[in-house]
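Each remark here refers to the structure printed beneath this line.
The values are calculated or read from the model by the stated rules, or taken from the named source; none is laboratory data. Only a predicted model underlies this, so the values are computations on that prediction, with no experimental measurement involved. When we count neighbours, we look across all protein chains shown, and the Cβ atoms used for this are built from the backbone with ideal geometry, even at glycine. Heads up: the accessible areas ignore ligands, DNA and RNA and are worked out on the full protein's heavy atoms, side chains in. Shrake-Rupley method; radii C 1.70, N 1.55, O 1.52, S 1.80 Å.
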Amino acid sequence: MALSAPPDLDKAASEPPEEVVATLQQVAQALKIQRGITSDDIFRGGYVWDIVDKSERHQCLQWLGRTVEWATKKWMLSEQDEWEQVAEMAAKLTSELCGKGASGAVQRRVSLWRRDGDPLLVGGIAVHEPSFVHADVGCKTWGAAILLARRIARQSVDISAFRRCIELGSGTGLLGLAAGCALRGLEGASVTMTDYLPVLIQAAREGARANGLLDNGAIVPMKMDWFEMAQDIVALSENREEPTRGTISIPIANYLDAVHRDATAAGNEWEGRIEPTLGAKESKGAFDLVIAADVLYEMEHCYVIALLANHLLAATKPGVGEPYVAPRFILTTPLRSTHWREVAAFEAEMAATPTMCLVSRDDTTRADDLDSWISGIKDKGSATMLASDLNLARAIGEDAGDSLIYRTYVYERC
Ligand SMILES: C[S@@+](CC[C@H](N)C(=O)[O-])C[C@H]1O[C@@H](n2cnc3c(N)ncnc32)[C@H](O)[C@@H]1O
């Protein structure tokens, strides 16, 4: 039986009361459920907070804070390890409950569903989110990646015709991992996941390994810095006297700091490994699908992302009679009120690239996107299955907290 109120912190207790320990375990379990690591509710006699609810989460934080103080005092007076363990557990849960920014590296599971409602991967896709100690925007999984990964899983964005896929700015890697799962088992299929921070290339590797996509080459993590690559592309085309446009300018705030981050990333999450780097020469026209999520947040990104997509996608058509699907560039970006200029600059850049044609562009929130898929499935009689899917209920709850509109572009080689 779960308690009907949070346990009182009894100043007279000589050892940590069972219901306090059980309540701490309930909070730990609730966090695991929230991250998709487990879907099991457990009842060990503690109090169960609904940590998805904002006011309950605040009350839980208050209780945890009091527990840290109380157990620390008891530990100092008694020197019993049990009190220290309670204080440490309450402190750790406090930081985790405060959000990703305060916690260490975590591996979480994200559920994605196929068109008919079956899971893309049973148990969800394991995603490695490094600690924010490495301080970069790539250390969390962004809503654009969630939206595009879901669409790829259920083939409303169909990538099944492609084999040589590359992701730009993969971050924690959900999108590339979803593409890897969607193409799994198709002959010659592989997804090259790229980022410029070693800790994030390592995150892609961890994710690929955890999902069984590493050893078979379904995922290939590589280092690629957009600006270094763009400079090399310009240099290549100058040598060949091909037309080039403009010079490459680098966003100071975001980019130059990477040198410092490279130097400090030698903690246990990167382990000093030198990452293979994708070069401009060998990557020219080497892919038939380029994917990216949330990579347009500096003005300088808009030019290089367009340049890179054009460079990476195969240019030549096969001979007459051979099957041909035009290579594609698919990108989802959030429409943040602070970043309209960047979105407009990217669209202008793509419009000025004669070898890339816009196939489709659509705007939606995550919640609307999920809703319309659910209604479609319910019509086909899968309502019972959906109603019992706890991970789906969790996804709906998370989506409700994200009111951003996301724009998805599909461009084709023309
Ligand atoms: C907002 S995050 C998005 C991450 C991931 N695509 C997602 O949606 O969860 C932007 C990503 O772009 C990467 N990035 C930023 N500047 C880059 C550069 N110059 N070269 C390569 N990657 C870069 C960051 O490291 C980060 O992983």
What's the number of the condition residue 151 fails, among (1) at pLDDT 85 or above; (2) surrounded by fewer than 20 Cβ atoms within 10 Å (Cβ to Cβ); (3) not aliphatic (A, V, I, L, M)? (2)
Among the residues of segment 309-319, is any closer than 23 Å to residue 406 by Cβ and in contact with an Asp or Glu (Cβ under 9 Å, 6 or more places away or on another chain)? yes
Reported set for segment 1-43 where residues are over 20 Å from residue 77 (Cα atoms), acidic (Asp, Glu) and assigned to a loop (DSSP other than H, G, I, E, B) is 40, 41
Go through the residues of segment 331-347 one by one and say whether even a single one is open to solvent by 10 Å² or more (accessible area, probe 1.4 Å) and either in a strand (DSSP E or B) or not assigned by TED's automatic domain parsing to the domain that holds residue 408 (or both). no
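Sort out which residues of segment 304-330 are free of Cβ contacts under 8 Å to residues at least 60 places away in the same chain, surrounded by fewer than 24 Cβ atoms within 10 Å (Cβ to Cβ) and outside any loop (DSSP other than H, G, I, E, B), and write them in order of number.
First, pick out the residues of segment 304-330 that are free of Cβ contacts under 8 Å to residues at least 60 places away in the same chain: 306, 310, 316-324.
Now narrow it down to the ones that are surrounded by fewer than 24 Cβ atoms within 10 Å (Cβ to Cβ): 310, 316-324.
Within segment 304-330, 310 is the sole residue that qualifies.
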Unmet criterion (only one of (1) more than 28 Å from residue 112 (Cα to Cα); (2) assigned to a helix (DSSP H, G or I); (3) open to solvent by 20 Å² or more (accessible area, probe 1.4 Å); (4) not aromatic (Phe, Trp, Tyr)) for residue 67: (3)
Would you pick out the residues in segment 362-379 that are at pLDDT 95 or above and either outside the structural domain of residue 311 (by TED's automatic domain parsing) or more than 22 Å from the chain's Cα centre (by Cα) (or both)? none
Any residue at all in segment 75-86 that's part of a helix (DSSP H, G or I), at pLDDT 90 or above, outside the structural domain of residue 398 (by TED's automatic domain parsing) and open to solvent by less than 40 Å² (accessible area, probe 1.4 Å)? yes
Could you please let me know if residue 62 is free of Cβ contacts under 8 Å to residues at least 60 places away in the same chain, surrounded by fewer than 17 Cβ atoms within 10 Å (Cβ to Cβ) and not in a loop (DSSP other than H, G, I, E, B)? yes
Of the listed residues (195, 215), the one being at pLDDT 70 or above and either within 11 Å of the ligand (Cβ to nearest atom) or surrounded by 15 or more Cβ atoms within 10 Å (Cβ to Cβ) (or both) is 195
Scanning segment 140-173 for residues that are within 12 Å of the ligand (Cβ to nearest atom) and touching a Gly at 6+ places or on another chain (Cβ under 6 Å), the one farthest from residue 296 (Cα to Cα) turns out to be 173
